[in-house]
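The values are calculated or read from the model by the stated rules, or taken from the named source; none is laboratory data. Predicted model only: the values in this text are computed from it and were never measured. We place every Cβ from the backbone using ideal geometry, glycine too, and count neighbours over all the protein chains shown. These accessible areas exclude ligands, DNA and RNA; they are computed on the full protein's heavy atoms, side chains included. Shrake-Rupley method; radii C 1.70, N 1.55, O 1.52, S 1.80 Å.
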Amino acid sequence: MKIDDIKIQSIHIPFKVSFKHSSAIRTQTETLVALVRTIDDIEGYGEGCPRGYVTGETVESCIKFLASYKKEIRCIHSMGSLKTFVDQYQLIINDNPAAWCAIETALLDALGQYESQSIEGLAGLPEITDRLFFYTAVLGVSNTQQFQAQLLQYIQFGFEDFKLKISGDIETDTTNVQAVLKACPEARIRLDGNNIWSNATEAQIYLNTLPSVFWAVEEPIAKGDYQGLLDIAKNCQCQIILDESFLRIEQFDYIKNNEHVWILNIRLSKMGGLLRSLDIANLCQQHKVPFIVGAQVGETSILTRLALAVVNTYPDDVLGQEGAFGTYLLERDIAVPSLVFSNKGQLKFVSNSEANCNYGLGLKINV
């Protein structure tokens, strides 16, 4: 495959409802779309979601990354040369994971079409054949009316797996937990603090005040405070989900001696794309560390589709899957089909064969 051009652009799609947690309020997408065009007029698309409070990236830094390495990226012509680039530029990608995720995904999409393979076939992964993927209901920090409306929608879909963003207001958070349990007594609940507390003691006191029905809590304190997180796990008798505190494979050294405590949130954009995410998932499997395949709020079906490759490869190691909101959240999706969950949070992926998009991502993209 020979690349003619590579472009990256920011897209803005309004949300149907705003989404809030302790670090941000979102009313529209904050997403980058990459386009790889070959000399044969094949077009591959990819997506990345820069988040300053997670990886330090901005839209501007992602555009700058492509400008700085465009010449080298244009030399990628096969799966082998793609893997070589990822290995050689590992440290650079560490600082630009969302930018590289968008570009790598576009390269995989184009290569798959060029070689008449799915991205799974291209990467030597199991093909997705006649299986269901099950998603978690994610409830943000919102007013009572909006929270109840979103909860009702999830209940009507038949969800039993819930992730609750917590606000730090004990009355609000207690009411929200109780509302979920009332609506779904068998609910499986995990919490997400988005680094809301300054230290472990504050977090422990607060979490032990809540109804003790949650089995895990994600990022309750400042990212990277592994000892504080261990203390919370012991005192609150729960597991700890690492998101902002786990951005690259080298950080496995911080958790490998307490594997029973940790759960990783593998969001492909923050990890730097599919190949790096697969390396981390493989290491998790070796060390018996379970993981969740997470999502960025406002991502389109491109990233939803990409994540399926990880879940499909490591089905027994995945404790939860987030995303597949598509047009439930977005005013429009740039992908056809739009990948959205249905009854009980399940999704069955079928490539867009009618649009002659069986290869690569299996999606038709309209930016």
- Note on the structure: Quick tally, 1.4 Å probe accessible area for Arg131, Arg276, sorted with the most first, runs Arg131, Arg276
- Note down the accessible area of His260, probe 1.4 Å, to the nearest 10 Å². 140
- Kirkwood Rh and Cα Rg combined as Rg/Rh, region 47-183: 1.13
- Comparing Ser116, Ser277, Ser68 in a Gaussian network model of the chain (Cα, 10 Å), the one with the largest mean-square fluctuation is Ser68
- Message: Which GluC sites (Glu not before Pro) in region 256-356 sit in a loop by DSSP (not H, G, I, E or B) and have at most 11 other Cβ atoms within 10 Å of their own Cβ?
- Response: Glu331
- Of the accessible area of the chain, computed with a 1.4 Å probe and all protein chains kept, carbon and sulfur make up a percent value of 47
- Message: For a protection proxy built on the mean count of beta-carbon atoms within 10 angstrom, sort 121-128, 193-200 highest first, please.
- Response: 193-200, 121-128
- Amide H to amide H, which residues 5 or more places from Asp161 or on other chains are under 5 Å from it, using H placed in the peptide plane? Ala137, Arg188
- Message: Amide H of Gly320 versus every other amide H placed in the peptide plane: which residues, excluding those fewer than 5 positions away on the same chain, fall under 5 Å?
- Response: Val293
- What angle do you read, to the nearest 10 degrees and between 0 and 90, between the alpha-carbon axis of helix 79-88 and the longest principal axis of the chain? 60
- For the chain, built as a Gaussian network whose Cα springs stay under 10 Å, the top-fluctuating residue of Leu308, Leu132, Leu347: Leu132
- Task: Apply the Karplus parameterisation 6.51 cos²θ - 1.76 cosθ + 1.60, with θ equal to phi minus 60°, to every residue of region 280-288 and state each ³J(HN,Hα) to the nearest whole Hz, in sequence, with x for glycine and proline.
- Result: 5, 4, 5, 5, 4, 4, 4, 9, 6
- Item | Rounded accessible area per residue of the chain, 1.4 Å, Å² | 41
- Heavy-atom accessible area with a 1.4 angstrom probe orders Asp95, Asp169, most exposed first, as Asp95, Asp169
- Note on the structure: Residue-ordered couplings for region 121-132, obtained by feeding phi - 60° into the Karplus form 6.51 cos²θ - 1.76 cosθ + 1.60 and rounding to whole Hz (Gly and Pro as x), are x, 4, 8, x, 9, x, 6, 7, 9, 6, 9, 9
- Query: Along the charge dipole of the chain, Cβ charges K/R +1 and D/E -1, which of Val336, Gln117, Thr201 sits furthest on the positive end?
  - Reply: Val336
- Task: Grab region 212-367 and count how many Lys pairs have their alpha-carbon atoms under 21 Å apart, sequence gap of 8 or more, or different chains.
- Result: 8
